[in-house]
Amino acid sequence: MSIQSNISLKQFNTFNIDVSAKHFAAFNSIDQLEELLHDPLLSDNPTMVLGGGSNILFTKNVEAVVLKNEITGIEKISEDENYYYIKAGAGESWHHFVMHCLQNGYAGIENLALIPGNVGASPMQNIGAYGVEIKDVFHSLEAIHLNDKQKKIFNMDECAFGYRESAFKNRYQNEFVITAVTYRLLKKPSYNISYGVIEQELEKMKVTELSCMSIAKAVMNIRNSKLPNPAVIGNAGSFFKNPVIAASSFDHLQEQFPSIVGHFLENGEYKLAAGWLIEQCGWKGYRKGDAGCHEKQALVLVNFGNASGEEIYQLSELIITSVFNKFGVLLQREVNIC
Ligand code: EPU
């Protein structure tokens, strides 16, 4: 296993941005990772750990040693009356993991089918869709500290999960390599079809008896109908977070914009649909060069071919400014800018 130099990262990020890494190495076991962590190049250069590259926008060449996590494997490590405890390697494809769980009767992540990226990113981003987030099924994760090379196990509280947030995006940023994640999955399914679109899709599919597989299929149909497939058009899913605002601000906005889309939260605040805000500013379907805003989901920025990361970043700046000018709401990026 060797560290290579000047490697294009185009095939390693779902935006398909063509930047290069000063140094690059992939590892598929903890032993390989430990060997890499002792390489002198790592003492002389910053380190960047890359998973599926599905939530990152590269805006320049990466002057670091990029370590690509390819640790795979899925294992049932224990079970109790209600749960299976399933451990997966951080480099395992997330969707492959979901399919494995469905086939083996491990319930709880059927709503998270078809999310691009790897297992390791699931706690990092607290990935979520259609009413389910990783924090609902998370048990623990294993990680190795980049400097002291010690193994550490993190439980739920230590991960400090929030909306598309965790300690690994904040206080522990660039400190750890997540090597495996253990999920606590249900023996007896508890279906979550609270999202109206899922119910509508199940009706369309003429499903009379719910199952984890039918929900996963409904979710896949919905995603395929409006989210661009990164294998065809470069993208990183939602580029921005849905902004959360106070109830009083929501009431004020609703007076001015009666059709505004907002979702009441348990804590009394409102989560606005950023896609709606962006669409109202006229960006949906916008294209300049190869950088654009998706025609079916305005929250998703796309690379039609050869856009640079900087062009996509500049587009995101224009969108943030126009949404702020029209609604007084400041969008935050969900995608990591590098
Ligand atoms: N909408 C528009 N125009 C658009 C897009 C959306 O008006 O162009 C409005 C619609 O009224 C729609 C509402 O926004 O009813 C919500 O849209 P959607 O159901 O597509 O979900 P979202 O809020 O835009 C979030 C997540 C997605 C996740 C879906 C489904 C974030 C940042 N995004 O999107 O996650 O799949 O809900 O649960 O929270 C991701 O994180 O990369 C991602 C794709």
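The values are calculated or read from the model by the stated rules, or taken from the named source; none is laboratory data. Note that the structure is a prediction, hence the values are computed from the model and not measured. So basically every Cβ, Gly included, is an ideal-geometry build from the backbone, and we count neighbours across all protein chains shown. Keep in mind that these areas ignore ligands, DNA and RNA; they rest on the heavy atoms of the full protein, side chains included. Shrake-Rupley method; radii C 1.70, N 1.55, O 1.52, S 1.80 Å.
GNM, the chain, Cα, under 10 Å: largest mean-square fluctuation among Thr14, Thr182, Thr59?
Thr59
Counting only heavy atoms of the protein chains, get the accessible area per residue of the chain (1.4 Å probe) and round it to a whole Å² value.
With the other protein chains kept in place, the chain gives 47 Å² per residue.
Magnitude of the Cβ-charge dipole of the chain, K/R +1 and D/E -1, about the Cα centre, nearest 20 debye?
Charge dipole, the chain, about its Cα centre: 660 debye, nearest 20.
If we count every other residue with Cβ under 9 angstrom of Phe304's Cβ, Lys/Arg +1 and Asp/Glu -1, where does the sum land?
So the environment of Phe304 carries a net charge of 0.
How about Lys169: which aspartates and glutamates have a C-alpha closer than 13 Å to its C-alpha, ignoring those fewer than 8 places off in the same chain?
By straight Cα distance, Lys169 reaches Glu158, Glu334.
Which entries of Lys151/Lys271; Lys60/Lys241; Lys10/Lys241; Lys76/Lys217; Lys241/Lys288; Lys10/Lys288 have Cα-Cα distances beyond 31 Å here?
From Lys151/Lys271; Lys60/Lys241; Lys10/Lys241; Lys76/Lys217; Lys241/Lys288; Lys10/Lys288, over 31 Å: Lys151/Lys271.
For region 234-337, what is Rg from Cα atoms divided by 2.2 N^0.38 Å, rounded to two decimals?
Dividing the Cα Rg of region 234-337 by 2.2 N^0.38 Å gives 1.09.
Does the chain come out rounded, prolate or oblate, given a ≥ b ≥ c as the square roots of the eigenvalues of its C-alpha gyration tensor, rounded meaning a/c under 1.5 and, failing that, prolate meaning a/b above b/c?
Oblate, since a/c reaches 1.5 and b/c is not below a/b.
Just to confirm a number: summing +1 for Lys and Arg and -1 for Asp and Glu over residues other than Ser122 whose beta-carbon lies under 11 angstrom from that of Ser122, what do you get?
-1
Based solely on C-alpha atoms, express the radius of gyration and the Dmax of region 74-186 in angstrom.
For region 74-186, the Cα radius of gyration and maximum Cα-Cα distance read 13.2, 40 Å.
Of the heavy-atom accessible surface of the chain (probe 1.4 angstrom), what whole percent is carbon and sulfur?
Carbon and sulfur together cover 46 percent of it.
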